Each structure stands twice: as C-alpha cells, then as structure tokens.
C-alpha cells in the first residue's frame, strides 16, 4: 500500500485528507498517462459515483483534470463500483474511476481506480500517480485547442450493466418475496428494478438518498432493520448492500444474518454438486471463520487463504482459475462473470442456489456452525516489532497449542493504523476473551502497548 492509495483506493474525509486538488491531479495524471499511448493523444475514461454529497464535487474535479490533459470523460452518474468495472472492461475504456468510500460514513469519500480489464489498478501505476501527487514528477502538459477533452453522458452503459445482471439469473423469481436494503447508496434504484424485472415481490428500505444518509444505520454494516423487515413481513429472504454495492450480506427467512462465510459455503457446496467448482477450491481470507473451514472439510471442499482484501482474493482466483472467493464482510467474487466483488451478482446467484436446491437459506446453512469470535485492536508503538517479538510469538504459539483443533488465533498488524489485531475463535466467548487477553498481556508487559 502506498502513501495515499490503500487496498481499496484513495480514501479519506472529503476536503480534509482527500481534497478536490487531489482529485484534479489524479485526473490530470490519468488523462496524460493513458493518452500518450494513443495516436491522437486522447484517452477514454469512464466515471461513476455513489450518493454522497461530496461525490459530485470530486466528479467535477476528476473530469476537469482528465479533459485538461486531453482525455474524454464518460459519466455513468450514480452507479455501483462493479458496474464501472464491467463497463470499463466491456466497452474498451483505458481505465475506470469510481468515487466512493464504500461502507464508510457520508463525510468520507474515495477514488477507486480500475484498469482496462475491469480489475483494481496495479501497484506500479498507483505508484506513479502518488509520485505526481507528491510533486516528484515534472508538471504535465495541458491540452489546448482541439486536443482539450470532452465530457460524455454515458447512462446507457449503466443500463447495459443492469441487463447483464438480469441475464445471469437462471430462474424466474416469481412467487418469492424479497427484502432489499440499498443503504441509501448506489443500488437505490438498480436493485429494485432488477428484482422486479425478474418477477420478485420486493420490499425496499433505505432507498431515499439525500447526500448525507448513505450507510447511516442501514445496509450491510447495520442489518437490524432488514432483519426486522423480513420477520415482520414474513419474507423469503433479504439482501443488504453497502454504499457502492460491491458487497452483499443476506438475511434468511427467520431473520438471521447470512454472512460472507455463509454465502461462500452455500455457493461452494452448490457448485461442487454441479461440477463447476474449479479445482474443488474456494478462496477465502485469513479472517474467515474457523467454522467455515470445518464445514468445508466435512463437505470435501478445499480452500485457499489470502491476506485481507478482495483485491488479494481476486489475484489468487485469477492466477489459479478458481471460480468463487470472497470475504466474511460480503465481498464475493464469481470470476466467471465479474473481475470484482458485486453485491447484485451475489444476490442473483444466492437466489439461484435457493431455487435450484428447493431449500431456504437456513436449511442450506444448517451444516455450518459459526464459532464465537473476539477481536481486539491494540494500539502499539511499533506494530511490526510488536508482532515479531519472540515473547509475543511464544504467547501466540501457546494459545494455538491450547486451542488445538477446536479453535484458532490470528495476530496481524493493521494495514493503515498503528495497531496489532488479536483475534481468537473458539467454542465460547469466554474462551476467546481469555486467550485474547493472554496475548495482550504479553504485548503490554514487553512495553509495546500505548495505554
């Protein structure tokens, strides 16, 4: 990860540590960088945004930078991150830009960059952008006269993406009653339109964005209102998206949360039974629940574990040809159809599992037991030294030995903060608490902890 861009773009509070000047310079660089590979010097860049108030401000700043460097900017307007990925790839754009801070509160925003294959931008190009942001690159030439870029309304690209999503449904949803929580974000119009078109009776909440209510007590990070809706209306299931709809969590017919781990299990078993689980493997991150691995073992399904971040999940899938992977948080990737996590695709494919299996979500997950988990963040003076300390490692090893095959411990540094994250999964919360504190005590005793 770089100085500005993390695993999921350049993110920060709008006009505090992510400013319009940053956005303008990102546009300037991308317009120049991709334009120099074209005979006419004109790059084609597609842009989408979520419903945050500041998204319009950043959109205009990015467009100003792009056209000033001679690029043509195509605007999808309010749309989802995966739709930008899809349109970039299908319509031969040089790159795509999504303006969103995903599940963060409205006052944050972000710039996500997507390459021509619809994937997250490579670290090399990101590094060059960061050098320009820091003034380490000579000032770029401005386009003049007929070389100045243009801005194009490209809402038609968003409509084609919606058609693509609907084409992935193998069955009609007629007769199913489905709840949808759009998080007052990017999917606020799309999700209902797609599910209605497929025949479902939809019950939609949090689809009235006002610029400041995105993710506010709703969506995939606040599932309570969707759980209540499903129980109150006796629905078959519910789906909750985040602000830019690249993740999806669900609620079963009893109002219980279906996490990303549940989705990986349901889909993995379904694909194995169909003979479409390439390599007999599902790609997870190290944060997936211990219970998922035990359930996979019982089902005869193998798995890979990557670092946290759907970027790393996709890299593993791409390198090995695997068909499904994802995160506990609901970033699920179906690589046959997409190059990134897509909440709408996830919902469509979950409905396929339900309809084809003739089972409810709770029945499909009955062999998956999620273990209690306790995760504590420890603020430290030096996260690398704290994690590498011999006594800390010995304490972690001792916990792992005590847990044996009945749990696990994971200690890892935060990617963005001076924190060490200590997580234990075991058969009870009390056991988790005991072992987490055991390791934290050693971190404290060794003088790494900031009290």
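The values are calculated or read from the model by the stated rules, or taken from the named source; none is laboratory data. Because the structure is predicted, anything quoted here is derived from the model rather than measured. Reconstructed Cβ throughout: ideal geometry from the backbone, glycine too, with neighbour counts over all protein chains shown.
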Filter pass, residue 355 being over 20 Å from the mean Cα position of the chain (by Cα) and touching a residue at least 60 places away in the same chain (Cβ under 8 Å)
yes
Can you find, within region 406-431, the residue that is surrounded by the most Cβ atoms within 10 Å (Cβ to Cβ) among those that are over 25 Å from the mean Cα position of the chain (by Cα) and assigned to a loop (DSSP other than H, G, I, E, B)?
426
Members of region 215-237 that are more than 20 Å from the chain's Cα centre (by Cα) and outside any helix (DSSP H, G or I)
234, 235, 236, 237
Touching a strand residue (DSSP E or B) at 6+ places or on another chain (Cβ under 7 Å), outside the structural domain of residue 52 (by TED's automatic domain parsing) and surrounded by fewer than 23 Cβ atoms within 10 Å (Cβ to Cβ), is that true of residue 244?
no
Can you tell me which residue among 87, 78 is touching a helix residue (DSSP H, G or I) at 6+ places or on another chain (Cβ under 6 Å) and under 27 Å from residue 347 (Cβ atoms)?
87
For region 79-99, how many residues meet the condition of being touching a strand residue (DSSP E or B) at 6+ places or on another chain (Cβ under 6 Å) and not in a helix (DSSP H, G or I)?
8
Of the residues that make up region 52-70, is at least one free of Cβ contacts under 8 Å to residues at least 40 places away in the same chain, within 28 Å of residue 164 (Cα to Cα) and buried (at least 21 other Cβ atoms within 10 Å of the Cβ)?
no
Identify all residues within region 131-150 that are assigned to a helix (DSSP H, G or I) and either buried (at least 18 other Cβ atoms within 10 Å of the Cβ) or touching a helix residue (DSSP H, G or I) at 6+ places or on another chain (Cβ under 8 Å) (or both); write none if there are none.
132, 133
I'd like the full set of residues that are out of contact with any helix residue (DSSP H, G or I) (no Cβ under 9 Å at 6 or more places or on another chain) and touching a residue at least 12 places away in the same chain (Cβ under 8 Å), limited to region 358-376.
362
From 27, 12, grab the single residue that is assigned to a strand (DSSP E or B) and more than 23 Å from residue 189 (Cβ to Cβ).
12
If you check 153, 94, which single one turns out to be surrounded by 15 or more Cβ atoms within 10 Å (Cβ to Cβ) and modelled with pLDDT of 95 or more?
94
Filter result for residue 163 (touching a residue at least 24 places away in the same chain (Cβ under 8 Å), outside the structural domain of residue 57 (by TED's automatic domain parsing) and either farther than 14 Å from residue 361 by Cβ or crowded, with 22+ Cβ neighbours inside 10 Å (or both))
no
Subset of region 432-451 [over 31 Å from the mean Cα position of the chain (by Cα) and either in a helix (DSSP H, G or I) or within 18 Å of residue 288 (Cα to Cα) (or both)]
434, 438, 441, 442, 443, 444, 445
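Yes or no, residue by residue, for (1) in the same structural domain as residue 235 (by TED's automatic domain parsing); (2) modelled with pLDDT of 95 or more; (3) more than 22 Å from the chain's Cα centre (by Cα):
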{"residue": "123", "(1), (2), (3)": "no, no, no"}
{"residue": "139", "(1), (2), (3)": "no, no, yes"}
{"residue": "173", "(1), (2), (3)": "yes, yes, yes"}
{"residue": "196", "(1), (2), (3)": "yes, yes, yes"}
{"residue": "202", "(1), (2), (3)": "yes, yes, yes"}
{"residue": "209", "(1), (2), (3)": "yes, yes, no"}
Output the number of residues of region 23-46 satisfying the condition of being at pLDDT 95 or above and either closer than 12 Å to residue 149 by Cβ or out of contact with any strand residue (DSSP E or B) (no Cβ under 7 Å at 6 or more places or on another chain) (or both).
14
Look at residue 73 and say whether it is in contact with a strand residue (DSSP E or B) (Cβ under 8 Å, 6 or more places away or on another chain), assigned to a helix (DSSP H, G or I), buried (at least 23 other Cβ atoms within 10 Å of the Cβ) and in contact (Cβ under 8 Å) with a residue 40 or more places away in the chain.
no
